[in-house]
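Each value in this text was obtained by applying a stated rule to the coordinates, not by laboratory testing. Because the structure is predicted, anything quoted here is derived from the model rather than measured. Every residue, glycine among them, receives a Cβ derived from its backbone with ideal geometry; neighbour counts consider all protein chains shown.
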Amino acid sequence: MNLIDTHCHLNDPSFSDRITEVIGRAKAVGVKSAIVPAYDMESLERTAKLAESFPGFVFPAYGLHPWFIAEDADFTVIRSYINRKDAIAIGEIGLDFSPECPSAGIQAPAFICQLDMAAELRLPVLIHCRKAYDKLYEILRQYQGRIKGVLHSYSGGRDAMAKFTDLGFYIAFSGSVTRENARKYHRTAEAVPLERLLLETDAPSIATESTAASAVEPIQVLEVAQRIAAIRKLSVADIYNVSTQNALKLFDKIFLS
Ligand SMILES: [Zn+2]
């Protein structure tokens, strides 16, 4: 079995004293690779180090998450990481218009700056979006044909999804879809075109039906796959195959070790 966790934060400090066991557990059930995106300035170097420590399993992405954008964000530093040979994608980047986040006026230029790098370097993007799907669409539409990527841990609902898959974007599901009462996510998983489906955990942030948020690891990508298989009335093996083939297609530099 070959599975890829396309978005998890093994670079989160909470993993540091148990990282070897966490990766061992994932490998033991067939999770072959994990994409690990940086999110703030401090996490850039931690991400690079982690990728060096676990070659062939940890595939790093570099970028600045909308929660951590400040007016004085230094994109030359971020660019120096994105230029590394091991950069599999630019992320985690995006827009989050939740009230506690930096203003839209600060977020949008930072997002666009990182999208421009992605278009120039032909790297895929890992996109975080909350409560900003209209603005996200308005921006991404202008890059049509020049950028590919994924809307990670997608929360925008079924109707908005079609607009993004029409632009060629992939839709990744995390632990939210495993929850019994998460009807909105179930409806999205039911409708997503199979050739656009990706799996992830966003570990350690998002709880699954079986596991509390702080305890989530890449191994829980199995639970996400199982739930989607049940929703789609397909075998789990079919979901493994489809999602892994999609990840290999989107992320040119990833491989199964
Ligand atoms: Zn994330």
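So the values come out like this:
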| read-out | value |
| --- | --- |
| Subset of segment 1-50 [of a type in the set (S, T, Y), closer than 21 Å to V125 by Cα and either within 15 Å of the ligand (Cβ to nearest atom) or assigned to a loop (DSSP other than H, G, I, E, B) (or both)] | T6, Y39, S43, T47 |
| Subset of segment 113-162 (residues that are more than 14 Å from the chain's Cα centre (by Cα), within 16 Å of the ligand (Cβ to nearest atom) and among the aliphatic types (A, V, I, L, M)) | A132, L136 |
| Residue match in segment 66-76 (condition: of a type outside the set (A, V, I, L, M, F, W, C) and within 29 Å of G156 (Cα to Cα)) | yes |
| Condition broken by N181, with the remaining ones in (1) in contact with a helix residue (DSSP H, G or I) (Cβ under 9 Å, 6 or more places away or on another chain); (2) assigned to a loop (DSSP other than H, G, I, E, B) satisfied | (1) |
| Residue in segment 66-82 that is within 13 Å of the ligand (Cβ to nearest atom) and surrounded by fewer than 20 Cβ atoms within 10 Å (Cβ to Cβ) present | yes |
| Tally, over segment 162-178, of residues that are assigned to a helix (DSSP H, G or I) and touching a helix residue (DSSP H, G or I) at 6+ places or on another chain (Cβ under 6 Å) | 5 |
